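As structure tokens, the structure follows; a few thoughts come after it.
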Ligand SMILES: Nc1ncnc2c1ncn2[C@@H]1O[C@H](COP(=O)(O)OP(=O)(O)OP(=O)(O)O)[C@@H](O)[C@H]1O
Ligand SMILES: [Mg+2]
């Protein structure tokens, strides 16, 4: 089993107080009235996801179902990093999150502590050897994972040979488990593969991370064109959002690429961008999350998660 310390996915009371713009003491009073317990761990006050959920519901927040994929045909732009951190933050805010790792590199699975060539993966589901529910690993009360490993590398061939309607290959499977989750976050490989087209057909929202470099801007334009085509071909209604990552305020190139992205597709840009930071760089590790510490990575991914989830942003 991966992370054994369940409270790694607990929200700090100070973070909830700051989101709700109240003092820690005021929040504690509200929580007592709702019969919600605050836990102490190593001197930090923490709240369990189900209790955060009860609190946020009492404040009028609704947990609507969403399927969000992270895509970009260029590699290394922070798809996995963003999928991981946004998914974990959503769980801390009380969403029931299903991570789907659909990249054979399996970096998301590794980051969540799952590294096993023998476990069933999405390939087994497509080949009808397992149901999606069979392959899901429950990592904590609000975090589950459809793991990946190298066996998924033949998915393209399976789709080509056995699926006449690739628009349903991922969507139909997700529908079988959707009752149990609020948020499905899907990490993908850097390509415009058939599998990724299937993922697009299942997505309500597609987050496209981009970095400050020339090739990323080309990649972004190409990927957006491809998504437009898929939208027309399959008569879809997803939203695409660009997430600028690895922004470095010390480099003028970062600002000029950010401006360029706003010029090319201003309405599709997320307001929040992610700064380059060592805490984010080290976050693909099963030992800790960026939300355990204080830093730019925590601040940026908290804000972008709230923007995407419509959570008091
Ligand atoms: N904000 C950041 N600051 C510093 N390093 C970062 C940041 N975001 C991501 N990285 C680092 O960039 C590298 C690529 O990130 P990641 O693996 O998330 O990209 P990816 O798009 O999923 O790559 P691939 O296309 O191979 O799947 C990793 O080493 C990651 O730690
Ligand atoms: Mg990746």
**Message:** Can you pull out every residue in segment 38-62 that is touching a strand residue (DSSP E or B) at 6+ places or on another chain (Cβ under 8 Å) and either assigned by TED's automatic domain parsing to the domain that holds residue 145 or more than 30 Å from residue 173 (Cβ to Cβ) (or both)?
**Reply:** 38, 39, 40, 44, 45, 46, 47, 55
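Quick one: which of 155, 119, 67 is away from ligand 2 (no atom under 14 Å from the Cβ), surrounded by 21 or more Cβ atoms within 10 Å (Cβ to Cβ), modelled with pLDDT of 95 or more and over 21 Å from the mean Cα position of the chain (by Cα)? Before you say what the answer is, go through the steps one by one.
On the way: 119 fails: surrounded by 21 or more Cβ atoms within 10 Å (Cβ to Cβ); 67 fails: over 21 Å from the mean Cα position of the chain (by Cα).
Of the residues listed, the single one that is away from ligand 2 (no atom under 14 Å from the Cβ), surrounded by 21 or more Cβ atoms within 10 Å (Cβ to Cβ), modelled with pLDDT of 95 or more and over 21 Å from the mean Cα position of the chain (by Cα) is 155.
Inspect all residues belonging to segment 218-228 and state whether any of them is within 13 Å of ligand 1 (Cβ to nearest atom) and outside any helix (DSSP H, G or I). Spell out how you get there, then give the answer.
First, the residues of segment 218-228 that are within 13 Å of ligand 1 (Cβ to nearest atom): 219-220, 223.
Now narrow it down to the ones that are outside any helix (DSSP H, G or I): none.
Scanning segment 218-228, I find no residue that is within 13 Å of ligand 1 (Cβ to nearest atom) and outside any helix (DSSP H, G or I), so the answer is no.
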**Request:** Please identify the pairs in which a residue from segment 74-93 that is on the phi > 0 side of the Ramachandran plot has its Cβ atom under 9 Å from the Cβ atom of a residue that is assigned to a helix (DSSP H, G or I) and within 13 Å of ligand 1 (Cβ to nearest atom), counting only partners at least 6 apart or on another chain.
**Result:** 78/280
**Prompt:** Restricting the search to segment 63-94, which residues are within 8 Å of ligand 1 (Cβ to nearest atom) and part of a strand (DSSP E or B)?
**Reply:** 70
**Prompt:** Within segment 75-84, can you find the residues that are in contact with a strand residue (DSSP E or B) (Cβ under 8 Å, 6 or more places away or on another chain) and either away from ligand 2 (no atom under 15 Å from the Cβ) or over 21 Å from residue 311 (Cα atoms) (or both)?
**Reply:** 77, 78, 79, 80
**Request:** Considering each of 264, 284 in turn, give the residue that is modelled with pLDDT under 90, surrounded by fewer than 19 Cβ atoms within 10 Å (Cβ to Cβ) and in a helix (DSSP H, G or I).
**Result:** 264
**Message:** I'd like the residue in segment 196-217 that is in contact with a strand residue (DSSP E or B) (Cβ under 6 Å, 6 or more places away or on another chain) and either assigned to a helix (DSSP H, G or I) or not assigned by TED's automatic domain parsing to the domain that holds residue 172 (or both) and, out of all such residues, is farthest from residue 69 (Cα to Cα).
**Reply:** 216
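Yes or no, residue by residue, for (1) assigned by TED's automatic domain parsing to the domain that holds residue 46; (2) out of contact with any helix residue (DSSP H, G or I) (no Cβ under 6 Å at 6 or more places or on another chain); (3) under 18 Å from residue 89 (Cα atoms):
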{"site": "230", "(1), (2), (3)": "no, no, no"}
{"site": "235", "(1), (2), (3)": "no, yes, no"}
{"site": "254", "(1), (2), (3)": "no, yes, no"}
{"site": "272", "(1), (2), (3)": "no, no, yes"}
{"site": "290", "(1), (2), (3)": "no, no, yes"}
{"site": "303", "(1), (2), (3)": "no, yes, yes"}
**Prompt:** Of the residues that sit in segment 267-312 and are closer than 23 Å to residue 47 by Cα and free of Cβ contacts under 8 Å to residues at least 12 places away in the same chain, which one is farthest from ligand 1 (Cβ to nearest atom)?
**Reply:** 310
**Request:** Would you check if there is a residue in segment 95-111 being within 16 Å of ligand 2 (Cβ to nearest atom), assigned to a helix (DSSP H, G or I), modelled with pLDDT of 95 or more and in contact with a strand residue (DSSP E or B) (Cβ under 6 Å, 6 or more places away or on another chain)?
**Result:** yes
**Asked** Assuming residue 12 fulfils every condition listed in (1) touching a helix residue (DSSP H, G or I) at 6+ places or on another chain (Cβ under 7 Å); (2) closer than 17 Å to residue 87 by Cα; (3) surrounded by fewer than 21 Cβ atoms within 10 Å (Cβ to Cβ) apart from one, which condition is it?
**Response** (1)
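The values are calculated or read from the model by the stated rules, or taken from the named source; none is laboratory data. Note that the coordinates shown come from a computational prediction; the quantities given were computed from them, not determined experimentally. Every residue, glycine among them, receives a Cβ derived from its backbone with ideal geometry; neighbour counts consider all protein chains shown.
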